[in-house]
Amino acid sequence: MKHLTRRHRVSAGTEALALFVGLSNAASRRLVACTQCRYNSTGTSPSGNVTVDGKSYQTDEWHNLSSNITASISRRLHVQKDHPISITRSIIESRFPSPTFKYHNNFFPVVSTQQNFDSLGFPVDHPGRSKTDTYYINQETVLRTHTSAHQADVFRANESEGWLISADVYRRDAIDRSHYPIFHQMEGARMWDRTKAPNGDIAAAVLKDIEALPKHSMKVEDPNPPTHPERNPLQKEHSLTEAEAIAAHLKKSLELVVVEIFSRAKAAAVSANPDFVDERLKVRWIEAYFPFTSPSWELEIFWQGDWLEVLGCGVVKQDIMDKAGQPQQLGWAFGMGLERIAMLLFEIPDIRLFWSKDERFLGQFRGLSENLDNLRRFVPFSKFPSCYKDVAFWLRSSSSSAGGGSRANTQDFHENDVMEIVRDIGGDVVEDVAKVDEFAHPKTGRRSLCYRINYRSLERTLTNEEANGYHEQVRKALVEKLGVELR
Ligand code: DAH
């Protein structure tokens, strides 16, 4: 089952472009659905108030927002003129023209668990709902974890045949050059109405729309049948011809996005180096699972030796349309991470750069919104030295039995709590946090972990004293907030 985690654990040496998964998938998380997490980084009492971008909310014991997250909510990088995330959004929007597509770029980031999960058919025990993965304001209110949170509302409003939603999304996650707790997604959908298609023939209407799309010559691998009874089922409300036509329109539309991005990336590379020769672009469709589409797929791009997942998509579950009061409509939806695409497009090596206010970063994109044909690759400013510090600790044993032999219960530990503590203290000065050692005491079973933190600023050289200062605070907070015992 997919959603809210990532497949690609990134090895430190891999270039950032081969990294970021702005989407999701649960392989690594499926087993850990810890809702007991004790860590609440704001230190607010369980019931109180918190203000998010000007609106006040009641908190409860589910609250787990940290102040540096709350402070970044108002940045809205996807609509900042000349910001690379915003430029990437505009380029993709250009492939989905108005008025068929309406663009929604201002949806508020606080949503209900109903919008974020229930409206999309997420089961109640889905790991994506856990406090370790999602930022909760209170039990019923979260920072959206994906732009799909707005699907049902936009379908209900029924203002256009197609739409795009671009927005900031929030997930508690690892720290490295391709993961940041706030990132941006674009969601898109295109519906056809049975009552409006000539003779009610949706398949014919869709095929006609496919004819109108431009042609491309990119090589695409698509080895699977459009539907498969077990792996990728046709919905009972759809005929096979309808689902096939919708799938073909969906895939073609998204392939054209890839062609658009890569031809612009190539032009940017050639302008930096006229002798630039690119690898032949390869993309492939693989079968996927999402609770809100069937059949479903992911698109992967072969880039610098790796297959990268860039988006998820599928035929919208009819149940969502029924509940949105539009049972006569059917069509497709997709979701993609904008950072990943922007990193490919501009060759931006570290996701923290998007948050930089440094002129050496922002200045490189100035004026591009008005002249998208003039894209240039990002030229890194000097790389400052790394400062690695390790912290090793025993996990708290929640078993209080004095008699020997009882095994430590470390169920309520989740790595994301360590990440959040480090993030709270070091902010963007932390480049990467990696677990470098783990073992269980042979007699007590108590678990010991060691994390290596790389303190490196993107903007200046850190002194060893500064790094030590951060590290000392991290060590203290681990003890205070997670109850670990330092080794
Ligand atoms: N919301 C999904 C995620 O964040 C991405 C996605 C997949 C969106 C398939 C869609 C879709 O609209 O059809 O992982």
- For the chain, with only Lys/Arg (+1) and Asp/Glu (-1) charged at the beta-carbon, what is the dipole magnitude about the Cα centre, in debye rounded to 20? 640
- Just check the range 142-291 against the gyration tensor rule for me: Cα atoms, a ≥ b ≥ c as the square roots of the eigenvalues, rounded for a/c under 1.5, and otherwise prolate or oblate depending on whether a/b exceeds b/c. oblate
- Message: Rounded, prolate or oblate, given the Cα gyration tensor of the range 191-273, with a/c below 1.5 counting as rounded?
- Response: oblate
- Message: Quick check: the angle from helix 240-272's long axis to the longest principal axis of the chain, C-alpha only, nearest 10 degrees?
- Response: 70
- Query: What FRET efficiency would be calculated for the residue pair Asn371, Phe302, taking the C-beta separation as r and a Förster radius of 35 Å, to the nearest 0.05?
  - Reply: 0.70
- Helix axis angle, 84-93 relative to the chain longest principal axis, alpha carbon, degrees: 30
- Message: Around Leu299, under 13 Å between beta carbons, what's the net of Lys plus Arg minus Asp minus Glu among the other residues?
- Response: -2
- Message: If I stretch the segment between Phe439 and Gln58 completely, what's the gain in nm (0.36 nm per residue apart, minus their alpha carbon distance), one decimal?
- Response: 133.1 nm
- Message: As an exercise, use a Förster radius of 22 Å and the Cβ-Cβ distance of Val379 and Lys81 to find the FRET efficiency, rounded to the nearest 0.05.
- Response: 0.60
- When the chain is fully extended, how far beyond the present Cα-Cα distance does Thr241 get from Phe108, taking 0.36 nm per residue of separation? 44.1 nm
- Message: How large a share of the accessible area of the chain, in percent, is made up of carbon and sulfur atoms when the probe is 1.4 Å and the other protein chains stay in place?
- Response: 50
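Relative contact order (percent) for the chain, with alpha-carbon contacts under 8 angstrom and 6 or more residues of separation? Could the numbers behind the result be given before it?
Working: 916 pairs, mean separation 84.4, N = 487.
It comes to 17 percent, rounded to a whole number.
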- Task: Determine the calculated [θ] at 222 nm for the chain from helices alone, applying -39500 (n - 2.57) to every DSSP H run no shorter than 4 residues and normalising by the residue count; nearest 500 deg cm²/dmol.
- Result: -7500 deg cm²/dmol
- Query: What is the sum of charges around Leu77, taking Lys and Arg as +1, Asp and Glu as -1, for the other residues whose C-beta is under 10 Å from the C-beta of Leu77?
  - Reply: +1
- Message: If I model the chain as equal point scatterers sitting on the Cα atoms and use the Debye formula, what is log10 I(q)/I(0) at q = 0.11, 0.12 Å⁻¹?
- Response: -0.96, -1.12
- Taking the Cα atoms only, what angle lies between the long axis of helix 415-426 and the longest principal axis of the chain, rounded to 10 degrees? 80
- Note on the structure: Output for the range 239-330: GluC sites (Glu not before Pro) sitting in coil per DSSP, at most 10 other Cβ within 10 Å, listed by number, reads Glu279
- Task: Lys and Arg at +1, Asp and Glu at -1: add these up for the other residues within a Cβ distance under 14 Å of Ala245 and post the number.
- Result: 0
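Note the full-extension length gain between Ala71 and Asn49 as 0.36 nm times their separation in residues minus their Cα-Cα distance, in nm to one decimal.
Length difference between fully extended and current span is 6.4 nm.
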- In square angstrom, what is the accessible area per residue of the chain with a 1.4 angstrom probe? 41
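Ordering Lys196, Lys55, Lys282 by accessible area with a probe of 1.4 Å, largest first, what comes out?
From most accessible down to least: Lys196, Lys55, Lys282.
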- Note on the structure: Here FRET efficiency (C-beta to C-beta, Arg460 to Leu213, R₀ 51 Å, nearest 0.05) is 0.60
- Note on the structure: Note on the range 285-401: alpha-carbon gyration tensor, axes a ≥ b ≥ c; rule is a/c under 1.5 for rounded, else prolate if a/b larger than b/c, else oblate; result oblate
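The values are calculated or read from the model by the stated rules, or taken from the named source; none is laboratory data. In this text, all values refer to a predicted model and were calculated from it rather than measured experimentally. No Cβ is skipped: glycine too gets one built from the backbone with ideal geometry, and neighbour counts run over all protein chains shown. What goes into the accessible areas is simple: the full protein's heavy atoms, side chains included, and nothing from ligands, DNA or RNA. Shrake-Rupley method; radii C 1.70, N 1.55, O 1.52, S 1.80 Å.
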